[in-house]
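One structure is given below, encoded as structure tokens.
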Amino acid sequence: MAYYGQKKIRLGELLVDGGAITREQLETALAQQKVSRRKLGEILVDSNMVTEENIAETLAGQLHYAMTDLVNATVPSEILALVPAQVLRKNKALPIGYAPDNVNILRVAMADPLDLDAIDDISIITGCQVEPVVTTPRAIVLALDRLYGSEDMDSALEEYTKEKLARVTEVDDDSSDDVNNSPIVMLVKDLIEKAALKRASDIHIEALESGVRVRFRIDGALYEYRRYPKELLPAIVARIKIIGGMDISEKRKPQDGRITQTVERTEYDIRVSVLPTVYGEKIVMRLQVKKSLTRNKAELGLRDWEMKHFDHIISNPHGILLVTGPTGSGKSTTLYTALSELNKEDVNIITVEDPVEANIDGINQVQVNNKAELTFASSLRSILRQDPDIIMIGEIRDKETAEIAVQASITGHLVVSTLHTNSAASTITRLEDMGVEGYLIADSVIGVIAQRLVRRLCPECKQAHDATAEEREILNIKDNEPHMIYEPKGCPKCDNMGYKGRIGVYEIMEMTPDLRLIVGKGGTANDIKKKALEEGMHTLRMSATEYVLDGITSLSEMIKVSFDE
């Protein structure tokens, strides 16, 4: 809390007065705070009662402070030199300039303008009076990395050259000060934190002839983040192997590991793959927020009419729902969302997965273990003796699993699973190729959802232009009216990528009596697709085209997800 004159100012009261939260929500958060001893703002954000942006806006309004957008901020070097980076990181603050016409007042962007200790620290160091300017914790962290990140790397490299590699690789006690403060350890930890804050799904650490390249996969595309001298590679690889539970002495074979790290109070489950290459070992780390898979179905990006089909399919008491698409197309998110929707007290849901990607309360989840002969097929046989109502199979990979899934659905169970196919219609023929009879597929499948993810254009910088004749042909625009479509440009808001976030593109084929007749008679994928289109199905290309015409995505993204069409 802070004191202004004789009046105490508390964050909770400011948020209630500003209408950001209710009195009841504040009481709930305060009760949690007594137990956890965490900051009230963190509890409110983690409980989804309010966002960081809501808190910042309310504080600015209630305290009559200005707000700042650090994404576009340029800070003079003489201002940055006033306060050491470690002090700024500790206090989550960043000086951005002097007050107009007064060099004795320093304007400081702060995540918590009520933190008088931070204000005093900066005031003492600079000899200036501090004028707080409000922003979010995430904006502060990203700005500090942008402004000081390369300096930190240079410092880590300088320290590393003074140490022996053994000091990093031989000590594996995370609680020791040596390990926690080692420059390579800090470098790896910082790398994961920055990837998480930039919304990256994967980190690629690549051994090149001339050095080490680090790339982040953000919204499905790879972007170079930084390059390190090649002398750092052995230490980086060794550190990641240690925390990932791998053998640091084995450098000739591929290895897999797992890391858990918390970034800004969010726990990330990180799967690590190490692969020997010509110039050294390459590492790929896949970052996953477990709770992100279990989201509200309204967040999937389904249009209203698609949502009706989705709801109707999952309301079936038995049958097979198949979600198809390539790796990284959002299949797991759709499946987990469907399961969360169906997760009620009166149903028994069992899953068999490889691996279990998210833990859902109230659902029995089985992890495939091939060494223990616990395969998809053997697990399914056991599951059927567990009185299930709904079964989720991570992936149908072979004839045996497909046949058991079909039999389970016909005998009164709802089965949801995934397949790697390009379209809804080809999913049916894939099951036939696996050896499942057409009449069984017709009886059991209740719907197929083919999906992809397209990148959203950044709303701040997307550029409009009239569709050319070639673009009109691709978009199947028949009339002669002008049509505006948008292309990416790039700005500080989207890290100069032109895109920010992704949205799902869906092709939903609900099985109807006429479609069942075609499938039962062994119809081709084209026959199935033709009938489904007659009944109102939108293909991936049609759905993606709508997003282009609505200005949500670009033509190039549409072509990527519907290239086969």
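Which of the lysines could be linked to LYS530 by a straight reach, that is with a Cα gap under 20 Å, when you skip same-chain ones fewer than 8 residues away?
Excluding near neighbours in sequence, the set is LYS521.
Give the residue list of trypsin sites (Lys or Arg not before Pro) in the stretch 211-255 that are DSSP loop and have at most 15 other beta-carbon atoms within 10 angstrom.
LYS251, ARG252
Can you give the convex hull volume of the alpha carbon atoms of the chain per residue, in Å³?
On the way: hull volume 116.2 nm³, N = 565.
So the per-residue hull volume is 206 Å³.
Over all distinct alpha-carbon pairs, what is the Kirkwood Rh of the stretch 1-140 in angstrom?
When all Cα pairs of the stretch 1-140 are included, the Kirkwood radius is 15.8 Å.
Round to the nearest 0.05 the FRET efficiency obtained for ALA85 and ARG258 when R0 = 41 Å and r is the Cβ-Cβ distance.
0.85
Can you pull the semi-axes for the stretch 52-130, root of five times each eigenvalue of the Cα gyration tensor, sorted largest first, whole Å?
Over the Cα atoms of the stretch 52-130, the ellipsoid semi-axes are 19, 14, 13 Å.
Can you compute the charge dipole magnitude of the chain about its Cα centre, using +1 on each Lys and Arg Cβ and -1 on each Asp and Glu Cβ, nothing else charged? Give it in debye, rounded to the nearest 20. Could the numbers behind the result be given before it?
Details: 68 positive and 88 negative charges, 112 e Å.
Computed about the Cα centre, the dipole is about 540 debye.
Please compute the Kirkwood hydrodynamic radius over the stretch 329-434, one decimal place, Å, based on all pairs of different Cα atoms.
Values: mean 1/r = 0.0705 Å⁻¹.
14.2 Å is the Kirkwood radius here.
Percentage of Cα-Cα pair distances in the stretch 262-345 greater than 14 Å, rounded to whole percent?
74 percent
Quick one: of LYS297/LYS560; LYS241/LYS344; LYS308/LYS560; LYS371/LYS399, which pairs are farther than 29 Å apart, Cα to Cα?
Table pairs above 29 Å Cα-Cα are LYS241/LYS344.
With θ set to phi - 60°, apply the Karplus curve 6.51 cos²θ - 1.76 cosθ + 1.60 along the stretch 39-47 and write out the HN-Hα couplings as whole Hz, x wherever there is a Gly or Pro.
5, 4, x, 5, 5, 5, 5, 5, 8
Which value, in debye to the nearest 20, gives the size of the charge dipole of the stretch 224-281 about its Cα centre, when Lys and Arg are +1 and Asp and Glu are -1 at the Cβ?
Values: 11 positive and 9 negative charges, 36 e Å.
In total the dipole reaches around 180 debye.
So between ILE9 and LYS530, what do we pick up on full extension, going 0.36 nm a residue minus the alpha carbon distance?
Values: separation 521, 0.36 × 521 = 187.56 nm, distance 6.61 nm.
Extra length from ILE9 to LYS530 when fully extended: 180.9 nm.
What is the helix-to-structure angle for 525-534, meaning the angle in degrees between its Cα long axis and the longest Cα principal axis of the chain, kept from 0 to 90 and rounded to the nearest 10?
It works out to around 80 degrees.
Send over a whole-number figure in Å² for the accessible area per residue of the chain, probe 1.4 Å.
49 Å²
Pairs of Cα atoms under 8 Å, at least six residues apart: use those to get the relative contact order of the chain, whole percent.
So the answer I get is 8 percent.
Take the Cα pairs of the stretch 412-565, get the Kirkwood Rh, then feed it into Stokes-Einstein at 4 °C and 1.567 mPa s and tell me D in µm²/s.
75 µm²/s
So which cysteines of the chain have no other cysteine's Cβ under 4.7 Å from theirs?
Taking the Cβ cut-off of 4.7 Å, the unpaired cysteines of the chain are CYS128.
Could you tell me which GluC sites (Glu not before Pro) in the stretch 183-232 are loop residues by DSSP with no more than 10 other beta carbons within 10 angstrom of their beta carbon? Each step should come with its number before you reach the end.
Numbers: sites: GLU193, GLU206, GLU209, GLU224, GLU231; in loops: GLU209.
The qualifying sites are GLU209.
Compute the FRET efficiency between LEU517 and ASP311 as 1/(1 + (r/R0)^6), taking r as their Cβ-Cβ distance and R0 = 22 Å, and round to the nearest 0.05.
Here the calculated transfer efficiency is 0.30.
What do you get when you divide the Cα radius of gyration of the stretch 469-551 by 2.2 N^0.38 Å, with N the number of residues?
The stretch 469-551 yields a ratio of 1.52.
Any idea what angle helix 233-243 forms with the longest principal axis of the chain, computed on alpha-carbon atoms, 0 to 90 degrees, nearest 10?
For helix 233-243, the angle is close to 70 degrees.
Taking the Cα centre of the stretch 473-565 as origin, work out the dipole magnitude from +1 charges on Lys and Arg Cβ and -1 charges on Asp and Glu Cβ, in debye rounded to 20.
Values: 12 positive and 16 negative charges, 61 e Å.
With only Lys, Arg, Asp and Glu charged at Cβ, the dipole is about 300 debye.
Tell me the mean residue ellipticity at 222 nm calculated for the chain from its helices only (DSSP H runs of n ≥ 4, each -39500 (n - 2.57), averaged over every residue, nearest 500).
One gets -11500 deg cm²/dmol as the mean residue ellipticity at 222 nm.
Multiply the residue separation of VAL103 and SER273 by 0.36 nm, subtract the distance between their alpha-carbon atoms, and state the gained length in nm to one decimal.
Working it through step by step, the gained length comes to 56.0 nm.
Given a 1.4 Å probe and every protein chain left where it sits, what share in percent of the accessible area of the chain is carbon and sulfur? Don't skip to the answer; put the middle values down first.
Working: 13200 of 27760 Å².
Reported share for carbon and sulfur atoms: 48 percent.
Local charge sum around THR135 (other residues, Cβ-Cβ under 15 Å, Lys/Arg +1, Asp/Glu -1)?
Working: positive: ARG89, LYS92, ARG107, ARG138, ARG146, LYS493; negative: GLU52, GLU53, GLU57, ASP69, ASP112, ASP115, GLU131, ASP145, GLU264.
Counting the neighbours of THR135, the net charge comes to -3.
Between ARG226 and residues 5 or more places away or on another chain, which pairs have amide H atoms under 5 Å apart, with H built 1.01 Å from N, and which residues are they?
VAL214
For each pair in LYS92/LYS462; LYS92/LYS493; LYS39/LYS90; LYS282/LYS489, compute the distance between the two Cα atoms and list the pairs where it is over 23 Å.
Where the Cα-Cα span goes over 23 Å, the pairs concerned are LYS92/LYS462; LYS282/LYS489.
Modelled label-to-label distance, THR126 and GLU250, 7 Å Cα→beta-carbon offset: nm?
If labels sit at THR126 and GLU250, their model points lie 5.3 nm apart.
The values are calculated or read from the model by the stated rules, or taken from the named source; none is laboratory data. All values reported here derive from a predicted model rather than from experimental measurement. Quick reminder, even Gly has a Cβ in these numbers, built from the backbone with ideal geometry, and neighbours come from all protein chains shown. Only protein heavy atoms, including side chains, enter the accessible area calculation; ligands, DNA and RNA are left aside. Shrake-Rupley method; radii C 1.70, N 1.55, O 1.52, S 1.80 Å.
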